[in-house]
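To start, the structure itself, in structure tokens.
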Amino acid sequence: MNEQATLPLPATGPANGEAPRVDHLLVAEMVEHGSRVLDIGCGDGDLLQLLESRGVDGRGLEISREGVNRSVAKGLAVIQGDADTDLASYPDDAFDYVILSQTLQATRQPRVVLEHMLRIGRRAIVSFPNFGHWKMRLQLMVKGQMPRTDRLPATWYDTANIHFCTIKDFVQLCDEINVRMERAVALDPYGRPLRFNAPWWFWNLFGEQAVFLLARGEAEARK
Amino acid sequence: MSELAGITSGDGGREREVDHPSSLVATFGPDEPLRLDCGVDLAPFQIAYQAYGSLNSERSNAVLVCHALTGDQHVANIHPVTGKPGWWETMIGPGRPIDTERYFVICANVIGGCMGSSGPASTNPSTGQPWGLDFPVVTIPDMVRAQAMLLDRLGIDTLLCVAGGSMGGMQVLQWAVAYPERVFAALPVATGPRHSAQNIAFDEVGRQAVMADPDWRGGRYFAEGTHPRRGLAVARMAAHITYLSDAALHRKFGRRMQDRELPTFSFDADFQVESYLRHQGSSFVERFDANSYLYLTRAMDYFDIAADHGTLAKAFLGTRTRFCVVSFTSDWLFPTPESQAVVRALNAGGARVSFAEIETDRGHDAFLLDVPEFLDIARAFIDSAAVARCLGAGHTTS
């Protein structure tokens with residue numbers, strides 16, 4: 001209840017003067033000025049707010065009412081809904097970019113969600129935690145238990161993240177559904193981009209999270 | 001804001017309000033007819049309204065509130081007939097989400113109503129008698145057209161926000177469809193883009209109850225000094241159930257007895273819930289006109305935005321209005337899918353829309369009650385609309 005009473009007042013700058021998250025800045029940098037963006041699983045609307053402050057026309061989809069409420073308090077246009085069921089009702093080509101920030105692993109059907117993203121938007125931006133990171137592998141190998149990290153502290157039985165994948169897994173999915181990768185960036189645990197020209201296996205081992213800018217594949221684009 | 005007359009009760013108060021409301025009134029002469037959907041030009045006519053707060057010099061802080069079926073313009077002041085607080089004081093007033101210290105708030109009695117705007121209980125200027133069923137059938141678009149004429153009269157071009165629940169929400173949607181350039185922000189709550197078959201069915205039960213009362217006299221009860229009290233009370237009782245929910249009724253009353261331990265083996269109001277409904281019915285007839293109830297339920301039945309525009313999406317195409325659509329989980333009169341249909345249509349047109357479904361067991365009436373989650377989102381939406389319209393909220397663009 002307390003949380004409800006202390007909703008932030010509408011503001012146009014970053015909330016509470018905090019610096020934007022590194023992965024948010026990276027996503028924002030991939031979005032062209034003046035474009036239309038849908039942020040799926042927009043949470044409290046921090047990324048959307050960052051984008052709107054950079055001249056982007058943003059919309060959000062968020063499953064929790066608390067998230068919707070905080071987003072609306074920031075002056076954002078956010079709909080309460082579920083990515084797994086509600087994306088089907090969005091028309092084709094409605095947006096320039098559809099963003100899925102740290103949410104892919106929480107969807108029931110990641111592949112269907114990704115396909116919808118590239119139907120609704122001309123481009124998609126996906127960021128997710130990399131389950132192939134060496135710390136994850138080490139925990140599973142040494143402790144024999146599902147890995148838990150500072151960033152992903154939930155136990156296997158109460159986590160919302162039901163579809164973890166590695167960078168390699170995600171690249172494979174993109175190939176399968178004919179999605180073209182325009183840019184890919186892996187971030188280390190400090191949020192710093194890994195070396196640009198490093199091989200995939202290096203990224204898969206040392207990237208804690210990854211951000212992909214995707215476009216429709218050739219056959220898709222011709223349709 | 002006008003000085004409110006002393007509180008009166010009973011039919012005397014209600015009958016006086018019909019032609020001489022204790023609120024502001026705008027009268028429109030024979031040269032300013034209201035074009036009704038049924039083809040009739042209504043003239044002369046009048047609109048009774050309330051206003052709170054003050055209009056700024058740019059005329060950019062006006063908020064229009066639309067009332068529901070049995071509401072009226074007394075949204076945030078003591079009601080002149082019942083003596084009760086305004087019907088939306090949780091939402092409107094100093095420091096409330098629609099803050100009367102920041103915004104100029106207007107609420108008009110709908111055309112067809114019985115609290116001072118022209119309706120079947122009003123005096124027909126050509127006969128000197130109440131209109132009764134000679135009053136033309138009105139629609140939700142007619143109500144909105146009349147409100148637009150009122151705003152023209154007040155010199156208000158664009159509304160910062162139009163807000164309302166239930167039938168008021170229908171008017172909000174109609175405002176956004178009919179006058180998109182005049183609506184900066186729209187807050188339709190617990191409503192839908194059309195009346196469902198189930199809702200038309202409920203309305204018909206209410207109307208049949210009124211018309212089955214011998215005191216209705218074919219709608220000419222005013223001439224014979226009667227009022228179909230029993231019929232209107234039954235209509236209200238049936239409708240009131242649809243405003244609540246199974247869970248809310250159970251929580252409030254359960255199977256508890258009214259002032260007794262054991263059943264009386266009669267048809268007295270043994271149960272608290274019966275007593276409550278009887279009270280709802282009998283107090284309603286003190287403040288509402290039976291014919292007006294017929295007209296307003298009919299207006300809701302006829303409402304169907306998609307039918308008027310081909311599809312719902314087409315109706316909203318190109319709109320620049322920002323929307324916040326709100327529904328309630330336990331509302332079975334306007335369940336969430338009705339709101340979602342509006343949201344989908346707005347989305348299809350790329351409109352700036354927010355949507356939230358509020359978790360509550362209080363049913364359709366939740367929009368009138370102190371539901372903090374709902375009031376918070378309303379406040380956030382209106383404040384952010386004010387910021388977007390540069391109505392100094394203490395924040396500057398970074």
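Read-outs throughout are calculated quantities, based only on the coordinates presented, and are distinct from any laboratory measurement. What you are looking at is a predicted structure, and each value in this text was computed from that prediction instead of being measured. As a convention, Cβ positions derive from the backbone with ideal geometry for all residues, glycine included, and neighbour counts pool all protein chains shown.
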J(HN,Hα) series, region A:158-169, from Karplus relation 6.51 cos²θ - 1.76 cosθ + 1.60, nearest Hz, glycine and proline x: 10, 7, 7, 8, 9, 9, 5, 8, 9, 4, 5, 4
Calculated P(r) of the protein assembly as shown - Cα pairs past 38 Å, %: 40 percent
Top of B:Phe104, B:Phe328, B:Phe267 by mean-square fluctuation, Gaussian network on chain B, Cα under 10 Å: B:Phe267
Set of lysines near A:Lys135 by C-alpha distance (under 28 Å), chain-local residues within fewer than 8 positions excluded: A:Lys143, A:Lys168
Long-range HN-HN contacts of A:Gln209 with modeled amide H, under 5 Å: A:Asn130, A:Leu187
Sorted peptide list for B:309-315, B:64-70, criterion being average Cβ within 10 angstrom, highest first: B:64-70, B:309-315
Between region A:106-172 and region B:197-276, the Cα center-to-center distance that results, in Å: 56 Å
CD proxy at 222 nm, helix term only [per DSSP H run n ≥ 4: -39500 (n - 2.57); per residue of chain B; nearest 500]: -11000 deg cm²/dmol
10 Å Cβ shell holding at most 13 others, DSSP loop, chymotrypsin sites (Phe, Trp or Tyr not before Pro): longest site-free stretch of chain A: A:1-155
Cα-based shape type of region B:109-246, given that a ≥ b ≥ c are square roots of the gyration tensor eigenvalues and the cut on a/c is 1.5: oblate
Cβ-based net charge around A:Cys42, under 9 Å, with every Lys or Arg adding one and every Asp or Glu removing one: -3
Highest-MSF residue in chain B out of B:Asp99, B:Asp213, B:Asp31 [GNM, Cα springs under 10 Å]: B:Asp31
